[in-house]
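Have a look at the structure below, then the notes.
The values are calculated or read from the model by the stated rules, or taken from the named source; none is laboratory data. All values derive from a computational prediction rather than experimental measurement. Ideal geometry is used to build each Cβ from the backbone, glycine not excepted, and the neighbour counts take in all protein chains shown. Ligands, DNA and RNA are excluded from the accessible area calculation, which covers all protein heavy atoms including side chains. Shrake-Rupley method; radii C 1.70, N 1.55, O 1.52, S 1.80 Å.
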Amino acid sequence: FDIDIDNQECKKFLNYYMETPSAIYGRKSNPGSHWLYKGEAEFKQFILPNELQKFCEGFPHGLTLCEIRHESKRYTIVPESKHSKANETVKWERYQDIGEYPGNLTNDVGKIALATALCITYASSGQRDAYCTAIAGALIKHTEWTEKEIDDFVYDIATAANDDEADKRRTKGTSSKKAKRKFGMPKLAEIIGCSTKTVSTLFSWIGIKAVSYTH
């Protein structure tokens, strides 16, 4: 199966959550965009909800972040072929073998997609602390992640978003768990400027079931 990376921002998180494969290819305008593994996987696309279109105007693939591509009815352009939509040749960048994926593929790619989405929609100055607190709050409430996992996840997003105070976000999982008032998905929706349903969709990528809110 092929992990097809359409949005460049995803590449900031690949090595955090996936083991680098022994087979990688891409093209000049999107290098390292295909990671190959042996085995079977459920086809899944990670596409931002339409409500977030305003954040994606400069991206060549629009709302699409990445895709797990598998099954005989799917296809991918392979190395030494000319790309179907660009005057570029697809080239191997690494090839030793095609190995088995060692972890939970859907979960790992889901983390990459969620981190990418939260990086793209990252808050402007003045709201960043609340934004990161809300991410941590949502993960505390709806997952069984450890404090360290949440700390690292939030910090990696802040760093990738070029937050000049990223170090202050380093312990959000730890501090938010102890705080009396916990922000979560509604606060994220407020800061991003979208519905809580849209935020819930993003978090569904890591296995959180749809969350309904009355406000």
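Computed over the range 135-193, relative contact order equals 46 percent, with contacts defined as Cα pairs under 8 Å that lie 6+ residues apart. Residues whose amide H falls under 5 Å from that of Glu93, counting only those 5 or more places apart or on a different chain, are Ile24, Tyr25, Gly26, with hydrogens built in the peptide plane.
Mean-square fluctuations from a GNM of the chain, with a 10 angstrom spring cutoff on Cα atoms, peak among Asp156, Asp129, Asp97 at Asp97.
Order the peptides 47-56, 109-118 from the highest to the lowest mean number of other Cβ atoms within 10 Å of their residues. Each step should come with its number before you reach the end.
On the way: 47-56: 15.8, 109-118: 25.4.
Going from most to least packed, we get 109-118, 47-56.
For the pair Asn104 and Lys85, the difference between a 0.36 nm per residue extended length and the Cα-Cα distance amounts to 3.6 nm.
With all protein chains present, how much of the accessible area of the range 61-215 (probe radius 1.4 Å) comes from carbon and sulfur, to the nearest whole percent? Mind showing how you got there, number by number?
On the way: 3840 of 8280 Å².
With neighbouring chains kept in place, the figure for the range 61-215 is 46 percent.
Determine the per residue accessible area of the chain with all protein chains present and a 1.4 angstrom probe, expressed in square angstrom.
Details: 11220 Å² over 215 residues.
Spelled out: the 1.4 Å probe surface of the chain, per residue, equals 52 Å².
At 15 Å minimum axial length over the Cα atoms and a Kyte-Doolittle cut of -1.0, report the qualifying DSSP H helices in the chain, or say none. Kindly include the intermediate steps, with their values, before the conclusion.
On the way: long enough: 105-120 (22 Å, 1.24); 128-142 (21 Å, 0.33); 147-160 (20 Å, -0.27).
What comes out of the filter, once short or polar helices are dropped, is 105-120, 128-142, 147-160.
Using a cutoff of 8 angstrom between alpha carbon atoms and counting only pairs six or more residues apart, the relative contact order for the chain works out to 21 percent.
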